[in-house]
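The values are calculated or read from the model by the stated rules, or taken from the named source; none is laboratory data. Model, not experiment: these values are computed from the prediction. Quick reminder, even Gly has a Cβ in these numbers, built from the backbone with ideal geometry, and neighbours come from all protein chains shown.
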Amino acid sequence: MGEEPKNFDFIKGEVLLFDKALDWTSFDLVQKVRNNLCRAMKIKKLKVGHAGTLDPKATGLMILCTGKATKQIETHQAGEKEYLATIKLGATTPSFDLETEEDARFDTTQITQALTEAVLQQFIGDIEQVPPVFSAVKIDGQRAYTHARKGQDVKMRSRLIHIRELELLDFSQEKIEIRVVCSKGTYIRALARDIGKALDSGAYLIGLRRTRIGDFKVDDALSVSDFLKNIDKFVTN
């Protein structure tokens, strides 16, 4: 994707790497790419799917597959993920991120860098994690966030995830920055919540960037605007 695009066959199937912008949903990205490819190729339909959702408040790598390459989606989804996350300490939100307003505040005077590093070690390996209620997990045939946004009580079941690496990159008593290498199905928002609890305080996610999925890196991804600006080069035979 970093080289001049040529000889792309979107119907036969292509794997495209994009750097998702802030406040875009994963569906927004898929729809925008699909609609513009169909228009440029002068066709009515094209299969386009993504290999792993990113929350609107997250940026970074998304893999889109077109045509027959959509059969590869599950394989790509299973790949190990790497994230850079910024977590605010001393408060919580219902969504565990910036989508909702703060609903509680907590003391942070007891939090030190040494304590934080020790707490992070507790989350390395196989752990049980309860997904956020504001998530795409299906409950009774509907996404959990659909229930949550209606104010309905939602019972989320824990699931086994694996965190291979968890590194503290920056520390203050107001916020921390971490690097996470984890399995499919890991919610970094839920990790932020659990880190806050383990610090005897509260915490929520204020920044998230996905930098890797399997062997694919965000450094090799295109911005949507660059792709759309040069879309004629991609579809030229």
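General observations
- Output for the range 81-110, where each listed residue is over 18 Å from the mean Cα position of the chain (by Cα), outside any strand (DSSP E or B) and of a type in the set (G, A, S): G90
- In the range 43-71, the residues that are part of a loop (DSSP other than H, G, I, E, B) reach residues that are aromatic (F, W, Y) with C-beta atoms within less than 7 angstrom, at least six apart or across chains, in these pairs: L46/F10; P56/W24.
- Single residue of the range 145-188 satisfying the filter (touching a Phe, Trp or Tyr at 6+ places or on another chain (Cβ under 6 Å) and at pLDDT below 95) that is surrounded by the fewest Cβ atoms within 10 Å (Cβ to Cβ): Y145
- Exactly one residue among G60, G49 is of a type outside the set (F, W, Y) and at positive phi, and that residue is G60.
- Those helices (runs of 4 or more DSSP H) lying entirely in the range 185-237 with at least 2 residues farther than 23 Å from C65 by Cβ and touching a residue at least 12 places away in the same chain (Cβ under 8 Å): 188-198
- Residue in the range 25-38 that is closer than 30 Å to R189 by Cβ and part of a loop (DSSP other than H, G, I, E, B) present: yes
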